[in-house]
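Below: one structure, written as structure tokens.
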Amino acid sequence: MTGHDPLLELWQAEWCPSCRRVRQRFTELGVSFIARQVPAAREQRAELEAMSGQSAIPVLVAGEQVYCGEEAIFAFLERSCEESPEAILHQQMASRAKRKELEQACRERETHTH
């Protein structure tokens, strides 16, 4: 993507696994975006539904184009962005962070069960 590319808005929630994977991919590609938080309850997502025709997340708005769902967003990114030289490093760091998080959860669980 270049400086003339459309503003990217990701409609998402921090607790959503698909949204997390999309955010991670943006980081790997070195792409900036605006995160738009959505209400937890689908029935309260009128603004998202009016704009995209659906209430499910993630949704990416790129200029006049709307991409609904993780697969559609990844396909757009594949067509529009070059792989960042740091992509592999970001992937490795994300894996390490996830491993530490899981190890901590296991230690906490063991503490509660003994």
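Under the condition of being of a type in the set (S, T, N, Q) and touching a His at 6+ places or on another chain (Cβ under 9 Å), which residue from region 9-56 is nearest to Ala87 (Cα to Cα)? The residue in question is Thr27. The combined condition, being touching a residue at least 12 places away in the same chain (Cβ under 8 Å), assigned to a helix (DSSP H, G or I) and not acidic (Asp, Glu), is not fulfilled by Cys106.
Hand me the list of strands (runs of 3 or more DSSP E) wholly inside region 1-101 holding 1 or more residues that are surrounded by fewer than 15 Cβ atoms within 10 Å (Cβ to Cβ). Show your work before the answer.
Values: elements: 8-12, 34-37, 59-62, 65-68.
Result: 34-37, 65-68.
Set side by side, the residues Val61, Val38 differ, and just one is under 16 Å from Leu7 (Cα atoms) and of a type in the set (Val, Ile, Thr), which is Val61.
For region 83-97, indicate whether the set of residues that are in contact with a helix residue (DSSP H, G or I) (Cβ under 7 Å, 6 or more places away or on another chain), at pLDDT below 95, within 23 Å of Trp15 (Cβ to Cβ) and hydrophobic (A, V, I, L, M, F, W, C) is non-empty. Yes, the conditions are met somewhere in region 83-97.
The values are calculated or read from the model by the stated rules, or taken from the named source; none is laboratory data. Given the structure is predicted, the values throughout are model-derived calculations rather than measurements. Backbone-built Cβ (ideal geometry, glycine too); neighbour counts: all protein chains shown.
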